[in-house]
1. Cβ-Cβ below 7 Å, separation at least six or inter-chain, first residue in the range 35-48 and within 10 Å of SER330 (Cβ to Cβ), second outside any helix (DSSP H, G or I): which pairs?
2. Under 7 Å by Cβ, and 6 or more places apart or on different chains, what pairs join a residue from the range 154-179 that is in contact (Cβ under 8 Å) with a residue 60 or more places away in the chain and under 17 Å from TYR201 (Cα atoms) with one that is among the basic types (Lys, Arg) and buried (at least 22 other Cβ atoms within 10 Å of the Cβ)?
3. In the range 121-153, which residues are under 21 Å from the mean Cα position of the chain (by Cα) and closer than 15 Å to LEU203 by Cβ?
4. Can you name the helices (runs of 4 or more DSSP H) wholly within the range 36-147 that have at least 1 residues being surrounded by fewer than 19 Cβ atoms within 10 Å (Cβ to Cβ) and hydroxyl-bearing (Ser, Thr, Tyr)?
5. Taking the stated definitions as given, is THR318 assigned to a helix (DSSP H, G or I), farther than 24 Å from VAL180 by Cβ and of a type outside the set (A, V, I, L, M)?
6. Would you say LEU152 is outside any helix (DSSP H, G or I) and touching a helix residue (DSSP H, G or I) at 6+ places or on another chain (Cβ under 8 Å)?
7. Hey, does the range 1-9 have a residue that's open to solvent by 60 Å² or more (accessible area, probe 1.4 Å), outside any helix (DSSP H, G or I) and of a type in the set (A, V, I, L, M)?
Amino acid sequence: MNLSWQSSLTVSAHFLHGMLHFIRTCHGEGAAAQALASAAIPQSLLVQPDARLTRHQYVALYRTVAAALDDEMLGLWSRPIRGGTLKYLMLSLLDAPTVLVALNRFVRFWNLLLDDYRLQISTKNNLVRLALMERTPGTQVTPLGHELMMKLIHGIASWLLGREISLHRVEFNFARPRHVGDYTFLYPGEVHFDAGMTSIYFLYEDCAEQFKREKHELWAFLKRAPEDWTFGASHRGSLIAKTREYLEQNIARPVTIQDLAKALHISVRTLNRRFAEEGTHFQLVKDGLRRDIAVHRLANSNTGVAALAFDLGFSNATGFCRAFKHWTGSSPTDYRKGNRQGE
């Protein structure tokens, strides 16, 4: 199974609990179990804090929960966002002359729907900021709701332009979460926590760009939702993305940071500095890629554990099993068994 560094991405099973919360509240544990089964997600992942979801599992669960609740934002806001809302939002943006005009329409649209928060758009120092502002002081923060709203803004702006729009930074008004490693790919830019309000910042020059999108392109975007607006950002300019791409092409051999430095034509010292700027280090990126590929292969193929260990550059199955349990809290065999039970 050949996977690109993007298609092999997995996300923390943390998202499971956020997506299932309101279906449990409204329809009970049986409905939550049915939603997991329909997305081929084993119940065992619910009790594993370091478990991972494949991209396909995430999208399938999102769609299932949204359909069950008739809420395209999974019950995360003060009122349901009924099915079809995204369609009419997007239709209202298609004839906007620039991304900035489209973002202003986006803000006005959402402010007609939300009771607990309102969106505010402002321009300062060549940056465009969209911020979530509570309408009543002390409004409870639902982190997944804030995460998804920032992803939706970035994903729609990128789709309108036909390329990833530069994300200057994103700020969240909640504490740094356990699954912070996922933010590297979900929000390709600077990420900050414990901010006064949740905000996303774009470069003004990107927002001033004109775009042209047709309705037939929109139908394809909507059919794939939420995949394109959640995972559409590639951020190929980041060192993490370049590292994953290089490692994926050489996954079966023991690549060192010296090999990577040579391939990228920069010094090891510069590499380490840039990794630190992106909040990570070489071994963490390497382990993340091997973990993600292993999760995909265990969930979607019958490759033996020993063969998979070899394919991922481990000298033996024991070392791979030890690493996989460290990454996910489960042995490769148990992880595969759980996914088979979820089918």
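The values are calculated or read from the model by the stated rules, or taken from the named source; none is laboratory data. A quick note: this is a predicted structure, and the numbers were derived from the prediction, not measured. We place every Cβ from the backbone using ideal geometry, glycine too, and count neighbours over all the protein chains shown. In case anyone asks, the SASA skips ligands and DNA or RNA and just uses the protein heavy atoms, side chains included. Shrake-Rupley method; radii C 1.70, N 1.55, O 1.52, S 1.80 Å.
1. Cβ pairs passing all conditions: LEU45/ALA13; LEU45/ALA51; GLN48/ALA13; GLN48/GLY329; GLN48/SER330.
2. Listed pairs, sorted by first residue: none to list.
3. Keep residues of the range 121-153 that are under 21 Å from the mean Cα position of the chain (by Cα), which gives 129-132, 141-153.
Residues satisfying the conditions are ARG129, LEU130, ILE153.
4. Because the criterion is at least 1 residues that are surrounded by fewer than 19 Cβ atoms within 10 Å (Cβ to Cβ) and hydroxyl-bearing (Ser, Thr, Tyr), the helices (runs of 4 or more DSSP H) in the range 36-147 that meet it are 85-93.
5. For THR318, the condition - assigned to a helix (DSSP H, G or I), farther than 24 Å from VAL180 by Cβ and of a type outside the set (A, V, I, L, M) - is met.
6. When the stated conditions are applied, LEU152 does not pass them.
7. yes
Let's see how each residue does on (1) touching a helix residue (DSSP H, G or I) at 6+ places or on another chain (Cβ under 9 Å); (2) open to solvent by less than 30 Å² (accessible area, probe 1.4 Å); (3) farther than 30 Å from GLN43 by Cβ:
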site: LEU247; (1), (2), (3): yes, yes, yes
site: THR270; (1), (2), (3): yes, no, yes
site: ALA299; (1), (2), (3): yes, yes, no
site: PHE320; (1), (2), (3): yes, yes, no
